[in-house]
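To keep things clear, I will list the structure first and then write my remarks on it.
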Amino acid sequence: MTHRLAGLVATLAVGQALAQTPAPGASTPPAAASSSAAGAAPASAGSAQTADEAFATRVKQLEEQVVDLKEKIFRTKARLLLLQETVLGGDISQGARAIIFHRKEMSSQFVLESVAYALDGAPIFTKVDINDDLNKREEFEIFNGRIVSGNHQIAVRMVYRGAGGVFSYAEGYKFKLQSNQTFTAEGGKVTTVKVVGYEKGGITADMKDKPGIRYDITNARDQAAPRGTGSDQSQPARATNPQ
């Protein structure tokens, strides 16, 4: 009887052990598989979130740089406008006034293709000839306004084209002239500057040496100014390094 009970107990123990041991090739239990997948998913999501954050940070940095650049451009423009007002402005009651004209004294052998004017480094007039609207004008006003008293400089660029005629070899040839002239503006006076494109050397001069720039400058009392007196004063001046 004792031997029979011992054998029964041994049989039950072996059965329980076999039941708890997984069979070869058996798959991982569903609970374990779910646990592994749950661990991998947060890692992948974390990588994607990190990339998005890096992109958003870079975009924000670029936006800040653009805003900073715009502010610098705005400040620079404001300084340039202030400088221009300082140079070309001045007190109306005590400042001076300048009038600048362009005048043509060239023959039909030369066609004016373009002009560009600057006063104290600030562009005040630029024009290209279209349908002869520039070349046919003998005289026209370039600038008329208040400027501070003192020395000022006009810079001029003119481009002519040879129209042939007597000097047929020069037809289509470009003549580029650059010149500058300093004048003194006095308080309470008007300084009139006529910038003249003219032909040098007479009829015996070579075609390429003919184009030149001349400055005719006069000073007169400004009738609109409440103070400051003066008399008409002619002061012709030639171009600096005419070409």
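Which of the residues belonging to region 94-123 are in contact with a Pro (Cβ under 8 Å, 6 or more places away or on another chain) and either under 19 Å from residue 215 (Cα atoms) or at pLDDT 95 or above (or both)? Passing the criteria: 106, 116, 117. Can you pull out the residues in region 129-153 that are surrounded by fewer than 16 Cβ atoms within 10 Å (Cβ to Cβ) and part of a strand (DSSP E or B)? 139, 140, 141, 144, 145, 150, 151, 153 - these are the residues of region 129-153 that are surrounded by fewer than 16 Cβ atoms within 10 Å (Cβ to Cβ) and part of a strand (DSSP E or B). Scoring residue 126 on the criteria (1) exposed (fewer than 14 other Cβ atoms within 10 Å of the Cβ); (2) among the hydroxyl-bearing types (Ser, Thr, Tyr); (3) at pLDDT below 90 leaves a single failure, condition (3).
The values are calculated or read from the model by the stated rules, or taken from the named source; none is laboratory data. Computed from a predicted model, the values in this text were never measured in an experiment. When we count neighbours, we look across all protein chains shown, and the Cβ atoms used for this are built from the backbone with ideal geometry, even at glycine.
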